[in-house]
1. Got a sec? Which of R68, R110 is exposed (fewer than 10 other Cβ atoms within 10 Å of the Cβ) and of a type in the set (D, E, K, R)?
2. Of everything in region 76-93, what is open to solvent by less than 100 Å² (accessible area, probe 1.4 Å) and polar (S, T, N, Q)? Give them in sequence order.
3. Within region 15-27, restricting attention to residues that are more than 11 Å from A41 (Cα to Cα) and open to solvent by less than 60 Å² (accessible area, probe 1.4 Å), which residue is nearest to the chain's Cα centre (by Cα)?
4. Among the residues in region 3-12, are any assigned to a helix (DSSP H, G or I) and open to solvent by less than 60 Å² (accessible area, probe 1.4 Å)?
Amino acid sequence: MSVWSFTVFWVLAALGVFGLWVTLLILGPNRMFRGTAVERAYFAVTETLPEALERWMRSGVGDALAARAERVWNALFGRRNPIIQIFGVVLYWTGLAVFFAQVAPYIPNRYVASWQ
């Protein structure tokens, strides 16, 4: 097995796991999936797993450090935070600029037609 196929396998596996994660987070709270494995997996990912991680962290590093980490997490991600929003916008525009600077000059080519 070549390095190329090995890399492609792991990229596809990561995309599959990410796609499953996003699908679960989108479809989990839907009424159509009440009482199904999708809802149980949604609750496991959004409630059971974070509670287990918090218990593990509190038993490992102590309550004081865990409480401080929780305050920092809530300050950054628990409410609207302009720093995180600005970072997201800068990341988006940087990615778009990199695409147009590095990739766009090579389109069209034998793999990608001009209409795509």
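1. Of R68, R110, the one residue that is exposed (fewer than 10 other Cβ atoms within 10 Å of the Cβ) and of a type in the set (D, E, K, R) is R110.
2. Across region 76-93, the qualifying residue is only N81.
3. Within region 15-27, the match that is nearest to the chain's Cα centre (by Cα) is V22.
4. Checked region 3-12: at least one residue is assigned to a helix (DSSP H, G or I) and open to solvent by less than 60 Å² (accessible area, probe 1.4 Å).
Each row is one residue, and each column tells you yes or no for (1) modelled with pLDDT of 90 or more; (2) within 28 Å of L20 (Cα to Cα); (3) among the β-branched types (V, I, T); (4) touching a Ser or Thr at 6+ places or on another chain (Cβ under 8 Å).
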site	(1), (2), (3), (4)
T36	yes, yes, yes, no
P50	no, yes, no, no
L53	no, yes, no, no
A66	no, no, no, no
R71	no, no, no, no
R79	no, yes, no, no
Q85	no, yes, no, no
L91	yes, yes, no, no
G95	yes, yes, no, no
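The values are calculated or read from the model by the stated rules, or taken from the named source; none is laboratory data. Since we're looking at a predicted model, the values are computed, not measured. Counting neighbours? That spans all protein chains shown, and the Cβs are built from the backbone with ideal geometry, glycine included. Accessible surface areas use protein heavy atoms only, side chains included; no ligands, DNA or RNA. Shrake-Rupley method; radii C 1.70, N 1.55, O 1.52, S 1.80 Å.
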